[in-house]
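Structure record follows, encoded as structure tokens.
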Amino acid sequence: MSIRELLRKRFLRRLFRTCYYPFLARMVRRDLRFIRSVPSPVYAEGKDVLYLRTDLWGRRSSASGAIAHTKGVVEAFVHKGKDVCICSPDRFGYITEKVEYELVNPNSMNSFGINELGEMEYNQLIVPRLLSRYGGHKPSFVYQRYGLNNYSGAYAAKKLGVPFVLEYNGSEIWMSQHWGNPLHYEVIAKSIEKANFDAADIIVGNAESMTDELVSVGVDRKKICIIPNGVDETRFTPLIDGMQIRQQLGYAKDDVVVTFIGTFGPWHGAEVLAQTISTVCAENPNVHYLFIGGGGTAYLVKSFAEKSGYKKHVKMIGFVPQLDAPKYLAASDILVSPQIPNPDGTPFFGSPTKLFEYMAMGKAIVASDLDQMGRILSHNKTALLATPGSAEGLADSILTLAKDEKLRRTLGMNAREEVCEKYTWNIHVQKILDALRAI
């Protein structure tokens, strides 16, 4: 792109913001006033569920914890006898149960580089479609996985007179401040986030630390429902034979495969795991590392692998479809969840879906002893826990498991039993339905 073209694009972006934002902001504030003015309804048991997945960043993605969560919750609703309609920009090919779709394509503002305005405008496209769809009947409730600047689920629920369930996975505003780029329109984003909290009849959070966070911004503690993430234990199972993948990746029978799967976010700690390569492989040359996925810190993982002196012991294979993930985990011997603390010292609010998938596979787990992970896993019973952010701690745990196949089997068996008893998606969704009935 030439300098002239770049300057032209910047000029158009600034002009567009200046002209369009005041108009759009007025519509948003009008809608938020309406949302706040309508009282909560009584829940009436029914079969129809409207599920909204309105974030635009993950369009057409086939692999991430968010994808696993969406698949798990939607399919568990179906297993509970619900008829689910998904409102989203795209169909979800990874959902194998029968569902209906209300597809709403966003107006593209990406050419102007103003994603926030596109997110706000998306509400104006979704709401009329939903009200038209449910003109003669209505769902029993609206469930929305919250996305930045979106309030369409809250608005539709208020118009239809049905309960609104908000799935909250942490403040998008906090994430933009600490893990991304600062928002241009943070003030109105905060208003939208707060309006969602106020409108929700139930807020489903996945980590205990979210309760204090939500209460601190005025949310009624009674409507906060903390439920850890889960797993489909019939898909992630020790019965899967991983030998074909091991052969495909070139692993020998005696190789001990240490695997990380994820989106390499700044909180995932994949780069900390990569720092263990030189220490572990020097002591046990049978250990091999498998990194599945990609994202922001992938370049650091690659750099540590190249500097370790054991580059041949490391494979980075990129993303695999969510439906194929169990086969790769089955090909592994040790599964690692090396999350690191939040940079500002606030409690870690994650509930990694990979953790529950690891447990269901019946494999040995090494994980950070960090907030919820340290409560779900028991050291020396269902996993080996290491100090968060400590490459030395991870390395010691990996080396312990690499030389003790019996310990790997025992930890894996215990973890499988624990997750099937407490943390499946069917259990997760049943708790949401129970909370609705208690309204």
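The residues on offer are Asp404, Asp369, Asp396, and the sole one that is assigned by TED's automatic domain parsing to the domain that holds Gly269, of a type in the set (Asp, Glu) and in contact with a Leu (Cβ under 6 Å, 6 or more places away or on another chain) is Asp369.
Annotation note: Cβ proximity below 6 Å between a residue of segment 367-385 that is within 19 Å of Gly230 (Cα to Cα) and touching a residue at least 24 places away in the same chain (Cβ under 8 Å) and a residue that is among the hydroxyl-bearing types (Ser, Thr, Tyr) and part of a loop (DSSP other than H, G, I, E, B) (sequence gap 6+ or interchain) occurs for Gln372/Ser351. Among the criteria (1) at pLDDT 95 or above; (2) assigned by TED's automatic domain parsing to the domain that holds Leu355, the one Gly269 does not fulfil is (1). Could you list, in sequence order, the residues of segment 376-389 that are among the small types (Gly, Ala, Ser) and either part of a strand (DSSP E or B) or at pLDDT below 95 (or both)? Scanning segment 376-389 gives Ala383, Ala386, Gly389. Within segment 361-389, restricting attention to residues that are among the hydroxyl-bearing types (Ser, Thr, Tyr) and surrounded by fewer than 18 Cβ atoms within 10 Å (Cβ to Cβ), the residue that is nearest to Ala207 (Cα to Cα) is Ser378. The condition (being in contact with a Gly (Cβ under 8 Å, 6 or more places away or on another chain), of a type in the set (Lys, Arg) and closer than 30 Å to Leu131 by Cα) is satisfied by just one residue among Lys223, Lys194, Lys159: Lys194. For Met373, indicate whether it is in a helix (DSSP H, G or I) and closer than 21 Å to Thr237 by Cβ. Judged against the criteria, Met373 is not a match. Residues in segment 231-276 that are aromatic (Phe, Trp, Tyr) and out of contact with any strand residue (DSSP E or B) (no Cβ under 7 Å at 6 or more places or on another chain) were compared, and the one that is surrounded by the fewest Cβ atoms within 10 Å (Cβ to Cβ) is Trp267. Listed by position, the helices (runs of 4 or more DSSP H) contained in segment 82-184 that have at least 3 residues being modelled with pLDDT of 90 or more and under 24 Å from Arg437 (Cβ atoms) are 152-160.
The values are calculated or read from the model by the stated rules, or taken from the named source; none is laboratory data. Note that the structure is predicted; figures quoted are calculated from it, not measured. When we count neighbours, we look across all protein chains shown, and the Cβ atoms used for this are built from the backbone with ideal geometry, even at glycine.
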